[in-house]
Amino acid sequence: TFLRCLNRMNDLINSVRVEGKVIIDGKNIYDKDVDEVSVRKRVGMVFQQPNPFPKSIYDNVAYAPIKHGFVKKGRECEELVEKSLIQAGLWNEVKDKLSAPGTSLSGGQQQRLCIARTIAVQPDVILMDEPTSALDPISTEKIEALMLELKEKYAIITVTHNMQQAGRVADYTAFFHLGDLIEYADTETIFINPGKKQTEEYITGRFD
């Protein structure tokens, strides 16, 4: 729910009510003059379960950039697809089968394809909702390594219940409990010297 506030996906729920502001580059994305579709172009999302389109690997990455007019079909688009798949750490595994269905890939590969699809439209922010919870340990390690690379170029906000993962990949960590923000600080402080007793109890496994 929190992540969906950051790219206005909660707008798609009829009963939703939003209070407060989300400021990106000095602008509240909930201002009346802001188009929610343009917000979602700038703030991409990778979901818990890999969800490639029922299209080829190539079309999964090319679809949105062509639709939004970022590139034209042909060489320009081919270069963007290759660049995005390279950034997602998937190019060498799929370069000879770009016409194969995205759904034919393994779970970890599908998640990297979804990441390639997200970065193809050159977002400012990438939201990741438990991006490795459905993956095996080897695929999880690849996604985490990819997150460490991508955070050099993109702001990444990820939700995870895996505290070890947060400690490995995050520069800053926020601890939420039942919808309330309990504590927010750099990751080392949260894990080594938290300021709130509730945070310490959760991290040490004494939270009931």
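Summary of computed values
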| quantity | calculated |
| --- | --- |
| Strands (runs of 3 or more DSSP E) (entirely within region 111-208) containing at least 3 residues that are open to solvent by less than 20 Å² (accessible area, probe 1.4 Å), on the phi > 0 side of the Ramachandran plot and modelled with pLDDT under 95 | none |
| Matching residues, region 83-110, being open to solvent by 20 Å² or more (accessible area, probe 1.4 Å) and under 20 Å from the mean Cα position of the chain (by Cα) | LYS83, ILE86, GLN87, GLY89, TRP91, THR103, SER106, GLY107, GLN109, GLN110 |
| Unique match (being without any contact (Cβ under 8 Å) to a residue 60 or more places away in the chain and more than 12 Å from the chain's Cα centre (by Cα)) among ALA166, ALA155, ALA134, ALA116 | ALA166 |
| Residues being assigned to a loop (DSSP other than H, G, I, E, B) and free of Cβ contacts under 8 Å to residues at least 40 places away in the same chain - total across region 38-86 | 5 |
| Residue satisfying condition, being over 29 Å from GLY108 (Cβ atoms), part of a loop (DSSP other than H, G, I, E, B) and among the charged types (D, E, K, R), within set ASP33, ASP11 | ASP33 |
| Residue in region 25-46 that is open to solvent by less than 50 Å² (accessible area, probe 1.4 Å) and in contact with a Cys (Cβ under 7 Å, 6 or more places away or on another chain) present | yes |
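The values are calculated or read from the model by the stated rules, or taken from the named source; none is laboratory data. Quick caveat, the model's predicted, so the values are computed rather than measured. Quick reminder, even Gly has a Cβ in these numbers, built from the backbone with ideal geometry, and neighbours come from all protein chains shown. The protein model used for the area step is the full one, side chains on, heavy atoms only, and it has no ligands, DNA or RNA in it. Shrake-Rupley method; radii C 1.70, N 1.55, O 1.52, S 1.80 Å.
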